[in-house]
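Q: Pasting in a structure now, in structure tokens, and then I'll have a few things to ask.
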There are 2 protein chains.
Amino acid sequence: MSQIRQDPTTKEWVIIARERSKRPSDFVHAKARPEIPSFLSSCPFCAGNEAMAVPETLSYRDEKTQRWRVRAFANKFPALTPQGDTTRSEEKGFFLGMNSVGVHEVIVETPVHNKALALMEDTEVMDVLRAYQERYKALSRLPFVKLIIIFKNYGLAAGTSLEHPHSQLIAVPVVPKHIRMRHEVAVRYYDDTGRCLYSDLAVRELEAGERIVTETERFVVFHPFASHEPFETWILPKMQQACFCDVSAEELKELAYVLRITLLKLYRGLNNPDFNYVIDSALTGEESNEYYLWHLRIIPRLTEAAGFEIGSGISITTALPEETAQFMHDVQVD
Amino acid sequence: MSQIRQDPTTKEWVIIARERSKRPSDFVHAKARPEIPSFLSSCPFCAGNEAMAVPETLSYRDEKTQRWRVRAFANKFPALTPQGDTTRSEEKGFFLGMNSVGVHEVIVETPVHNKALALMEDTEVMDVLRAYQERYKALSRLPFVKLIIIFKNYGLAAGTSLEHPHSQLIAVPVVPKHIRMRHEVAVRYYDDTGRCLYSDLAVRELEAGERIVTETERFVVFHPFASHEPFETWILPKMQQACFCDVSAEELKELAYVLRITLLKLYRGLNNPDFNYVIDSALTGEESNEYYLWHLRIIPRLTEAAGFEIGSGISITTALPEETAQFMHDVQVD
């Protein structure tokens with residue numbers, strides 16, 4: 001029989017529809033991807049085309065050649081701009097709005113147009129994560145910033161048309177309802193138990209064992225019990241750390257390895273699917289709280305939300321996380 | 001400058017990105033749609049193929065010919081099944097689940113394979129709405145049902161592969177977090193003001209005037225101030241009515257006209273776009289509450305949610321609802 005499961009981190013329900021269920025291998029991307037060149041003269045992210053982009057906010061360069069490996073700069077078409085008044089204005093005493101004050105940056109992950117993150121070396125992934133953290137720390141010092149979302153859109157179905165490997169940071173001047181809701185659940189759990197919900201989640205998932213993709217000393221990778229999407233994948237630290245800004249260099253190195261092999265498993269197992277990932281971290285000013293744990297969520301874009309999901313907020317998923325995790329666990333990466 | 005706006009019904013923020021903004025006409029579906037036949041021998045919803053579907057739960061038939069105009073039956077691959085125990089079970093004291101008890105029905109809107117709802121007569125749309133209401137009332141009497149979502153998926157981008165015009169009802173045994181959140185906002189507003197948030201919203205939108213698509217005696221159609229998606233469209237009754245089940249025959253007739261011309265404006269204005277719509281109504285057992293108002297939301301599927309939306313719950317929209325509403329207002333339908 002099908003099951004309804006509750007996401008312990010949001011209290012949202014998910015329907016695992018076994019009557020409609022598919023085998024993990026049914027989600028393998030069927031079509032061949034078009035060949036992507038290693039350089040594109042029209043791409044503002046390619047090495048050699050730096051003049052097409054705005055001035056950089058960060059770059060890591062080889063000492064000898066001075067060639068860059070990773071670069072960051074403001075998004076040319078930003079959703080937010082880093083100036084203006086953040087006072088809420090009320091229109092006719094009912095409609096609440098404010099200036100869209102914030103920061104929107106791009107992190108170019110490699111000078112090479114066609115080098116997917118999943119196929120990089122650990123040291124290259126480490127550069128990308130280091131850049132995330134450095135820009136995260138810089139933006140979190142801006143007085144108007146309440147939350148910073150680090151994310152990556154990979155492929156058309158994931159909402160990007162830019163092929164060149166890149167990630168983005170958006171710093172917003174409000175605490176979104178969506179985040180408040182997650183924090184409320186975690187605070188309540190902390191108040192009830194004196195423990196961090198996410199740390200307990202890591203322990204419980206490891207105890208259950210059946211949804212684990214891989215595990216290292218400091219991280220666990222799993223498909224969550226109440227997976228909202230087929231192959232939704234979490235990377236969760238085992239240590240208490242509310243903010244991604246507090247990950248040490250040593251830990252970041254291990255994370256680079258874990259992220260790389262997780263993405264490589266997806267790349268090989270599902271034939272290079274489109275995906276988003278997002279690093280969910282503490283609110284600014286709450287970096288040392290004991291109720292939250294930063295984590296990285298990967299959402300392969302394999303299905304479309306439809307009217308029921310839009311209306312109810314309940315996902316219907318046609319894959320069993322126990323089966324998809326086993327499938328991913330078995331994909332060879334070494 | 002861009003603006004951040006708050007949805008008064010959910011307290012969610014939306015970024016209206018003017019720097020990236022597009023004109024309403026940029027959203028017109030560019031490609032020609034493939035020709036769809038009026039009958040398909042493999043379609044279980046076509047007249048003549050009734051034996052391929054499960055037994056019906058409703059049909060409206062012509063008195064003389066006994067041919068059906070609208071039919072309902074259980075979904076052949078249901079997300080939920082109408083039997084079993086609804087007790088929550090706890091796995092290892094942490095993971096909460098239950099049997100997926102519920103009802104999942106299909107309403108076939110016409111015997112003709114290629115007759116889009118937007119192109120029907122008012123009387124035909126009226127039949128569809130009457131069927132929604134009749135099945136809604138029947139399902140709401142089942143003891144395990146807490147919420148009924150009526151929805152329509154139109155086109156591949158909206159999550160359906162079935163061309164034959166149809167809608168669906170799903171009755172669930174839990175109150176989703178997503179719905180609780182909306183109700184909490186409405187209850188708080190009611191407690192503060194003694195009025196229904198949604199009724200006030202109708203009044204305020206009519207006062208503002210700049211986002212109105214059309215208006216009749218009993219309904220207002222508008223693009224909301226904090227539109228989550230380009231061309232998101234609401235049909236809101238002007239009378240206090242928490243539950244869709246309480247719409248009278250006279251009101252339903254007017255709604256049929258309003259829904260038809262709203263869909264026809266979309267069909268003509270955006271060249272037959274994919275869309276979802278959903279009727280959001282009171283929880284069962286709360287049908288007479290004074291804080292909520294049922295309403296119909298139409299979401300054309302013109303953009304893809306990306307990593308930022310997934311991580312923050314904040315939508316970035318590239319269309320200004322004032323401009324899209326004016327565009328739709330001007331589309332001729334008579």
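Read the figures in this text as sums done on the coordinates, not as results from a lab. Everything quoted here is computed from the prediction, not taken from an experiment. Ideal geometry is used to build each Cβ from the backbone, glycine not excepted, and the neighbour counts take in all protein chains shown.
Q: Hey, fewest Cβ within 10 Å first, where do B:MET328, A:MET181, B:MET52 land in order?
A: In increasing order of surrounding Cβ atoms, one gets B:MET52, A:MET181, B:MET328.
Q: Can you pick out the pairs among A:LYS31/B:LYS152; A:LYS76/B:LYS22; A:LYS76/A:LYS265 whose Cα atoms lie more than 25 Å from each other?
A: Over 25 Å Cα-Cα: A:LYS31/B:LYS152; A:LYS76/A:LYS265.
Q: Pick from A:GLU90, A:GLU105, A:GLU50: which is most flexible by mean-square fluctuation in a GNM of chain A where alpha carbon atoms under 10 Å apart are linked?
A: Comparing A:GLU90, A:GLU105, A:GLU50 in the GNM, the peak value goes to A:GLU90.
Q: Right, something else. Rounded, prolate or oblate: which fits the stretch A:233-310, taking a ≥ b ≥ c as square roots of the Cα gyration tensor eigenvalues, rounded meaning a/c under 1.5, else prolate when a/b beats b/c?
A: oblate
Q: Also, I was wondering about something else. Label-point separation (nm) for B:ASN114 and B:LEU206, each offset 7 Å from Cα along Cα-to-Cβ?
A: Here the modelled spin labels are 4.1 nm apart.
Q: Let me ask something else about it. At 7 angstrom along the Cα-to-beta-carbon line, where would the label on A:GLN83 sit relative to the other copies? Give the distances in nm, shortest first.
A: Here A:GLN83 shows inter-copy label distances of 6.9 nm.
Q: Okay, next question. Evaluate peptide B:226-232: per residue, the Cβ atoms of other protein chains within 10 Å of its Cβ; return the mean as an integer.
A: 1
Q: Could you list the trypsin sites (Lys or Arg not before Pro) in the stretch A:116-181 that lie in coil according to DSSP, counting only those with at most 14 other Cβ atoms within 10 Å of their Cβ?
A: When the trypsin sites (Lys or Arg not before Pro) of the stretch A:116-181 are filtered for loop state and at most 14 Cβ neighbours within 10 Å, A:ARG141 remain.
Q: Given N residues in the stretch A:1-128, what is Rg(Cα) / (2.2 N^0.38 Å)?
A: Compactness ratio reported: 1.62.
Q: Quick check: from the Cα gyration tensor, does the stretch B:18-92 come out rounded (a/c under 1.5), prolate or oblate?
A: oblate
Q: For a label point 7 Å from the Cα of A:GLN326 along Cα→C-beta, name the residues of the stretch A:205-247 whose backbone N is under 14 Å from it.
A: A:209-213
Q: Also, quick follow-up: Which one, A:THR317, A:MET239, A:VAL103, is farthest towards the positive end of the dipole of the stretch A:35-330 when Lys and Arg carry +1 and Asp and Glu -1 on their Cβ?
A: About the Cα centre, the residue reaching furthest to the positive side is A:VAL103.
Q: Based solely on C-alpha atoms, express the radius of gyration and the Dmax of the stretch B:118-189 in angstrom.
A: Final numbers for Rg and Dmax: 15.2, 42 Å.
Q: Then there is this: Round to the nearest 0.05 the FRET efficiency obtained for B:ARG188 and A:ALA249 when R0 = 56 Å and r is the Cβ-Cβ distance.
A: 0.75
Q: Can you compute the helix-only [θ] at 222 nm over chain B? Use -39500 (n - 2.57) per DSSP H run of at least 4 residues, normalise by all residues, nearest 500 deg cm²/dmol.
A: -8000 deg cm²/dmol
Q: How well do other chains shield peptide B:5-15, expressed as the mean number of their Cβ atoms within 10 Å of each residue Cβ?
A: 5
Q: Round to the nearest 0.05 the FRET efficiency obtained for A:THR86 and B:ARG218 when R0 = 60 Å and r is the Cβ-Cβ distance.
A: E(calc), rounded to 0.05, equals 0.90.
Q: Counting other Cβ atoms within 10 Å, keep those with at most 12, restrict to DSSP loop, and tell me which GluC sites (Glu not before Pro) in the stretch B:143-247 are left.
A: B:GLU217
Q: I've got another one for you. Suppose R0 equals 60 Å; then what is the FRET efficiency for A:SER288 and B:LEU156 from their Cβ-Cβ distance, rounded to the nearest 0.05?
A: Step by step, r from the Cβ atoms, then E = 0.80.
Q: Gaussian network model of chain A, Cα springs within a sub-10 Å range: biggest mean-square fluctuation belongs to which of A:THR87, A:THR110, A:THR324?
A: A:THR87
Q: Run the dipole for the protein assembly as shown about the Cα centre, Lys and Arg Cβ at +1, Asp and Glu Cβ at -1, nothing else charged, and hand back the magnitude in debye, nearest 20.
A: It comes to approximately 680 debye.
Q: When the C-alpha atoms of the protein assembly as shown are aligned to their principal axes, what extent does each axis show, in angstrom, from largest down?
A: Principal extents (largest minus smallest coordinate, Cα): 88, 52, 50 Å.
Q: Still on this structure: Semi-axes, largest first, in whole Å: what does sqrt of 5 times each Cα gyration tensor eigenvalue give for the stretch B:24-68?
A: Listed largest to smallest, the semi-axes of the stretch B:24-68 are 33, 15, 12 Å.
Q: In nm, give the distance between the simple-model label positions of A:PHE77 and B:ARG195, each being 7 Å from the Cα along the Cα-to-Cβ direction.
A: Label at A:PHE77, label at B:ARG195, 4.0 nm between them.
Q: Return the average number of partner chain Cβ atoms within 10 angstrom of each residue Cβ along peptide A:96-106.
A: 5
Q: What are the nm distances, shortest first, from A:VAL331 to its equivalents in the other copies, labels at 7 Å along Cα→Cβ?
A: 4.0
Q: Next question, about the same structure. For B:ALA208, which inter-copy label distances result when the label point lies 7 Å beyond Cα on the Cα-to-Cβ vector, reported in nm to one decimal and in ascending order?
A: Listed shortest first, these distances are 4.2 nm.
Q: Distance between the C-alpha centers of the stretch B:293-311 and the stretch A:79-136? Whole Å please.
A: 21
Q: Quick one: among B:GLN66, B:GLN240, B:GLN168, which has the greatest mean-square fluctuation in a GNM of chain B with alpha-carbon springs under 10 angstrom?
A: B:GLN66
Q: Cross-link partners among lysines for A:LYS92, C-alpha distance below 21 Å, same-chain residues fewer than 8 apart left out?
A: Within reach: B:LYS11, B:LYS238.
Q: If you average 1/r over all unlike Cα pairs in the stretch A:35-330 and invert the result, what Kirkwood radius do you get in angstrom?
A: Computed over Cα pairs of the stretch A:35-330, the Kirkwood hydrodynamic radius comes out at 20.4 Å.
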